[in-house]
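Taken together, the values in this text are just the output of simple stated rules run on the coordinates, not laboratory data. Note that the structure is predicted; figures quoted are calculated from it, not measured. Don't worry about glycine lacking a Cβ; one is built from the backbone with ideal geometry, like all the others, and counts go over all protein chains shown.
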Amino acid sequence: MDYESLLELFKGRRSIRRFKPDSIPDEYVGKIIEAARWAPSGFNTQPWEFMVVRKREIRERIVELVDKYASHCPGIEDIREPWLRDKLAPQPYEMSWTNAPVFIILFGDTRTKGGLPMRARVEYYREQWLFVSSLANAFLHMHLAATTLGLASQWVSAVKDPWVNSMLRELFKAPREWEAFDMMPVGYPDEKPRPKFMRDPEGMVHHDVCKEEDIRPDEDIHDFVRKTRTWVISRARKAGK
């Protein structure tokens, strides 16, 4: 693959919030997982475990758990910084990813941390960063693989909430050492995403030293955050209709 093809793959990967209920081939799910297992991981610990969920009743139970978690989200937005608290606070919306035919939950087995160098293991945050970044690598591979197969995918990070995580372990009869990292609903897209709001590349690359004029002022950061939140929230509300 040449660079331009790789860049087009990156640009084509988008979070999709509306799916067709049509089933997808088992072969596609296998290819997604095969791509993920080749991801780089800290000291090659390969902490990943993949839970593929096709049964409707199990998917519906997962939706219930995530919905209970999400019910607290609007209220907590009230404590956001005053400069970003106004009309941009997200409102509840139908989670339209719920009709995706397949959910793939990426778990990490915490016992694999034992394979990390002791210098990392004695530092809790470093040990955890290596564990989490390894899972993040695998999860990104999953989404890129789905894109090459013409499939849509979404991130449902609510599964890593401690309560949801515990309930999922009970649902799957999984060991306590497994921690949910993220869940990917996957299927055929039922929407065409709008152009992605992207930060201007000018000013984000620094050479050898960070000059004072290179540092974005607070007002610029605030303006960018307002714009990108508006873009994300408007997409979510549109998908829920």
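Size of the dipole of the range 12-193 about the Cα centre, Lys and Arg at +1 and Asp and Glu at -1 on the beta carbon, nothing else charged, in debye to 20? Can you show the working numbers first?
Details: 26 positive and 24 negative charges, 59 e Å.
Magnitude of the dipole: close to 280 debye.
Projected onto their three principal axes, the Cα atoms of the range 12-193 cover extents of 47, 46, 34 Å, largest first. Taking every alpha-carbon pair under 8 Å whose residues sit at least 6 apart, the range 12-193 reaches a relative contact order of 40 percent. Counting lysine pairs in the range 12-193 whose alpha carbons fall under 23 angstrom apart, excluding pairs fewer than 8 residues apart on the same chain, gives 12. Three principal axis extents of the range 131-241 based on alpha-carbon atoms, in descending order, are 55, 35, 28 Å. Annotation: aspartates and glutamates with alpha-carbon distance below 19 angstrom to LYS11 (same-chain offsets under eight excluded): ASP2, ASP190, GLU191, ASP200, GLU202. A Cβ-based charge dipole, computed about the Cα centre of the range 134-241 with Lys and Arg at +1 and Asp and Glu at -1, lands at about 800 debye.
Here is the list for the range 153-228: GluC sites (Glu not before Pro) lying in DSSP coil, each with at most 11 other C-beta atoms within 10 angstrom of its C-beta, are GLU202.
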